[in-house]
Amino acid sequence: MATSNQTKRKRATGTRKPTSRRGEGWQAEKSAMTRKAILDAAVTCFVERGYARTTTALIAEYAGVSRGAMMHHFPSRLAVIHAVVAYLHDMRIAEYTGLMTGIEDPDAELSRDVIRRSVEAAWEYVNLPSFVAYQELLAAARTDPELDQVIAKVEKDFERQFLNTARTSFPHWSNIKEIEAAHDLVHCTMRGMALSHMVNKRQQRTRRIIDLLTDELEDIYSSVQKSN
């Protein structure tokens with residue numbers, strides 16, 4: 001009888017430990033899911049409502065979480081902003097890399113079609129929600145010293161990784177200065193066009209500018225090839 005009771009106690013003890021581990025794992029997973037939901041909601045708020053009108057209460061509402069849960073993860077609006085800037089930083093790098101990877105075949109000759117696809121991918125990139133949300137933060141940072149400090153910490157790293165992605169994605173552009181110039185030309189033009197399109201979307205103008213950028217990049221690449 002004693003042996004039977006001891007066996008039962010061992011079985012009971014043995015079953016409690018895995019349950020505890022599963023419980024702790026689930027709580028950690030749930031916490032991570034809640035945090036991501038809040039950050040995704042903040043990005044959506046920036047896109048749909050703008051930075052100035054985005055409050056912690058609004059983010060909690062969009063995320064579908066209680067104010068208590070919101071405060072548990074982010075005790076202040078500034079804490080949310082810090083986290084969102086870092087979140088958008090990683091998201092934007094991953095999205096740009098995903099769009100640019102595989103466009104150019106290093107074993108084939110660089111063609112006009114490949115150049116145009118890269119320009120079209122850059123245009124697709126500046127129309128993603130992450131880009132729109134980040135532009136809201138950049139615009140607000142001009143008159144918000146706290147936000148400006150947060151943005152400044154990641155902006156240099158973003159530009160560095162952005163350019164490294166371009167170098168890796170387009171190995172035919174062996175001249176570093178030329179690829180930097182080409183990259184800046186496309187990135188600045190697309191960013192300006194994206195901001196312009198927020199007010200007035202003109203598809204014909206978009207196609208014309210994409211054609212002009214393709215022509216310019218093709219000329220830059222041809223001149224580099226001739227000089228080598």
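Does Leu78 satisfy the condition of being in contact (Cβ under 8 Å) with a residue 12 or more places away in the chain and either under 13 Å from Val43 (Cα atoms) or assigned to a loop (DSSP other than H, G, I, E, B) (or both)?
Values: in contact (Cβ under 8 Å) with a residue 12 or more places away in the chain: yes; either under 13 Å from Val43 (Cα atoms) or assigned to a loop (DSSP other than H, G, I, E, B) (or both): no.
Taking the combined requirement at face value, the residue does not satisfy it.
Outside the structural domain of Asp148 (by TED's automatic domain parsing), surrounded by 17 or more Cβ atoms within 10 Å (Cβ to Cβ) and part of a loop (DSSP other than H, G, I, E, B): which single residue out of Tyr51, Tyr62 fits that description? Show your work before the answer.
On the way: Tyr62 fails: part of a loop (DSSP other than H, G, I, E, B).
Only one candidate passes the filter, namely Tyr51.
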How do the pairs read when you match residues in segment 158-169 that are in the same structural domain as Glu95 (by TED's automatic domain parsing) with residues anywhere that are outside any helix (DSSP H, G or I) and hydroxyl-bearing (Ser, Thr, Tyr), using Cβ under 9 Å and keeping only pairs 6 or more apart or on different chains?
-> Thr165/Thr101; Thr168/Thr101; Ser169/Thr101
Residue check, Ser174 against (1) more than 23 Å from Arg49 (Cβ to Cβ); (2) touching a residue at least 60 places away in the same chain (Cβ under 8 Å); (3) loosely packed, with under 14 Cβ neighbours inside 10 Å, all met but one. Which one?
-> (2)
Kindly indicate whether Thr34 is without any contact (Cβ under 8 Å) to a residue 40 or more places away in the chain and outside any helix (DSSP H, G or I).
-> no
Does Ala41 fit the bill of being crowded, with 19+ Cβ neighbours inside 10 Å, touching a Phe, Trp or Tyr at 6+ places or on another chain (Cβ under 6 Å) and farther than 23 Å from Thr143 by Cβ?
-> yes
Which numbered condition Trp123 misses (of (1) surrounded by fewer than 19 Cβ atoms within 10 Å (Cβ to Cβ); (2) under 28 Å from Ser196 (Cα atoms)) = (1)
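Of Ala182, Ala141, which residue is within 19 Å of the chain's Cα centre (by Cα) and either in the same structural domain as Val85 (by TED's automatic domain parsing) or in contact (Cβ under 8 Å) with a residue 60 or more places away in the chain (or both)?
Working: Ala182 fails: within 19 Å of the chain's Cα centre (by Cα).
Just one listed residue meets the conditions, Ala141.
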Those residues that are over 14 Å from the mean Cα position of the chain (by Cα) and free of Cβ contacts under 8 Å to residues at least 40 places away in the same chain, I need them from segment 112-131; list them, please.
-> Asp113, Val114, Arg117, Ala121
Do we find a residue being among the β-branched types (Val, Ile, Thr), under 30 Å from Thr56 (Cα atoms) and either touching a helix residue (DSSP H, G or I) at 6+ places or on another chain (Cβ under 8 Å) or assigned by TED's automatic domain parsing to the domain that holds Val47 (or both) anywhere in segment 99-110?
-> no
Candidates Glu178, Glu216, filtered to the one that is of a type in the set (Asp, Glu) and modelled with pLDDT of 90 or more | Glu216
Consider Asp40 against the criteria (1) within 14 Å of the chain's Cα centre (by Cα); (2) modelled with pLDDT under 95; (3) among the charged types (D, E, K, R): it satisfies all of them except one. Which criterion is unmet?
-> (2)
Residues of segment 80-117 being at pLDDT 90 or above and small (Gly, Ala, Ser), which ones?
-> Ala83, Ala86, Ala94, Gly98
Do we have any residue at all in segment 69-83 that's under 30 Å from Arg167 (Cα atoms), touching a helix residue (DSSP H, G or I) at 6+ places or on another chain (Cβ under 9 Å) and in the same structural domain as Ser169 (by TED's automatic domain parsing)?
-> yes
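The values are calculated or read from the model by the stated rules, or taken from the named source; none is laboratory data. Because the structure is predicted, anything quoted here is derived from the model rather than measured. In this analysis, Cβ positions are derived from the backbone assuming ideal geometry, glycine residues included, and neighbour counts consider all displayed protein chains.
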